[in-house]
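Q: Let me begin by handing over the structure; questions about it come next.
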Amino acid sequence: MTLTTTTASRVIAQLRFDRRTVALILVLPCLLLGLIAWMFDGTPVLDQFGPMLVGLFPLIVMFLVTSVATLRERQSGTLERLMTTPLRKGDFVAGYALAFAALALLQALVVVGFALAVGMDVLGPLWLVVVVAMLDAVLGCCLGLAASALARSEFQAVQMMPAIIFPQLITCGLIMPRDEMPQVLEWLSRVFPLTYAVEAMQRLAAGGEWADVAGDVGVIALFIVGAVALGITTLRRRTA
């Protein structure tokens, strides 16, 4: 546990001085929500889609940041040097997940607070909205950790995002209600984690309570655990 927290502390210390990454994590989702609120001012669009976007934007941003950051550790030789110490792959992945979970909590608070400030109305408990947004960001982080194992360059890491995220965007219910999709696509949507993130936010926006989203939250948590396990299994010390 000490090695995990040490790794998490190192990652957070590095990110503190990386202003562009901090801006990407905290400012970009707010900027996108602000543009939507401005474009559709006076319409119910923000109330209808805002909660889903509050869960979606952090997942995408954290996926991108984590996959690139992990790959950079391998390319720079940092991971290979760390592996000569008692640090294990599990400590490394868990440390990264813990560090970005802390950032995810901060991101969720900032994004949800900004969305409410620009006029988004949520009928469900706000603390649950923050929890789901944080879990979505953590999920994006863990998926990024797993995806980074398949990339050999930062460009390839960026390419992983449309390959992994875009199919989920199409089938999660954001563009079309899932029950109106072709049956094959509806079945496919059930194996994608983003579906449950969007469902949870939709239910909270409509006034849902913990009992209404507990199942979705549980599925998201299982995907997080699975992504961490996959990241530990596939993590390589360096990029060939």
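Q: Any residue at all in segment 11-22 that is part of a helix (DSSP H, G or I), open to solvent by 20 Å² or more (accessible area, probe 1.4 Å) and under 15 Å from ALA137 (Cα atoms)?
A: Yes, segment 11-22 contains a residue that is part of a helix (DSSP H, G or I), open to solvent by 20 Å² or more (accessible area, probe 1.4 Å) and under 15 Å from ALA137 (Cα atoms).
Q: Would you check which residues across segment 37-64 are among the β-branched types (Val, Ile, Thr) and buried (at least 18 other Cβ atoms within 10 Å of the Cβ) and list them?
A: Once the filter is applied, which keeps residues that are among the β-branched types (Val, Ile, Thr) and buried (at least 18 other Cβ atoms within 10 Å of the Cβ), segment 37-64 yields VAL54, ILE60, VAL61.
Q: Next up: Of the conditions (1) farther than 23 Å from LEU105 by Cβ; (2) at pLDDT 85 or above, GLY34 clears all except one; give me its number.
A: In the conditions (1) farther than 23 Å from LEU105 by Cβ; (2) at pLDDT 85 or above, GLY34 misses (1) alone.
Q: Somewhere in segment 186-207, is a residue over 21 Å from GLY218 (Cβ atoms) and either of a type in the set (Val, Ile, Thr) or under 17 Å from the mean Cα position of the chain (by Cα) (or both)?
A: no
Q: Tell me which residues, restricted to segment 23-36, are open to solvent by 10 Å² or more (accessible area, probe 1.4 Å) and touching a helix residue (DSSP H, G or I) at 6+ places or on another chain (Cβ under 8 Å).
A: LEU24, LEU26, LEU28, CYS30, LEU32, GLY34, ILE36
Q: Taking interchain pairs and intrachain pairs at least six residues apart, which have beta carbon atoms under 9 angstrom, with the first residue in segment 160-184 and more than 29 Å from VAL65 (Cα to Cα) and open to solvent by 40 Å² or more (accessible area, probe 1.4 Å) and the second aliphatic (A, V, I, L, M) and assigned to a helix (DSSP H, G or I)?
A: Close Cβ pairs satisfying both conditions: ARG178/LEU185.
Q: Select from segment 105-133 the residues that are outside any loop (DSSP other than H, G, I, E, B), in contact (Cβ under 8 Å) with a residue 60 or more places away in the chain and in contact with a helix residue (DSSP H, G or I) (Cβ under 6 Å, 6 or more places away or on another chain) and list them in ascending order.
A: GLN107, VAL110, VAL111, PHE114, ALA115, LEU128, VAL129, VAL132, ALA133 - these are the residues of segment 105-133 that are outside any loop (DSSP other than H, G, I, E, B), in contact (Cβ under 8 Å) with a residue 60 or more places away in the chain and in contact with a helix residue (DSSP H, G or I) (Cβ under 6 Å, 6 or more places away or on another chain).
Q: Checking the structure you have, find out if any residue of segment 82-104 is touching a Leu at 6+ places or on another chain (Cβ under 8 Å), over 28 Å from LEU150 (Cβ atoms), assigned to a helix (DSSP H, G or I) and not aromatic (Phe, Trp, Tyr).
A: No, every residue in segment 82-104 fails to be touching a Leu at 6+ places or on another chain (Cβ under 8 Å), over 28 Å from LEU150 (Cβ atoms), assigned to a helix (DSSP H, G or I) and not aromatic (Phe, Trp, Tyr).
Q: Look at VAL213 and say whether it is in contact with a Lys or Arg (Cβ under 8 Å, 6 or more places away or on another chain), open to solvent by less than 40 Å² (accessible area, probe 1.4 Å) and closer than 20 Å to ASP47 by Cα.
A: yes
Q: Would you check which residues across segment 205-226 are over 21 Å from VAL122 (Cα atoms) and without any contact (Cβ under 8 Å) to a residue 40 or more places away in the chain and list them?
A: GLY218, VAL219, LEU222, VAL225, GLY226
Q: So, in segment 185-201, how many residues would count as being hydrophobic (A, V, I, L, M, F, W, C) and open to solvent by 10 Å² or more (accessible area, probe 1.4 Å)?
A: 5
The values are calculated or read from the model by the stated rules, or taken from the named source; none is laboratory data. The structure displayed is predicted, hence computed values, not measured ones. Every residue, glycine among them, receives a Cβ derived from its backbone with ideal geometry; neighbour counts consider all protein chains shown. What goes into the accessible areas is simple: the full protein's heavy atoms, side chains included, and nothing from ligands, DNA or RNA. Shrake-Rupley method; radii C 1.70, N 1.55, O 1.52, S 1.80 Å.
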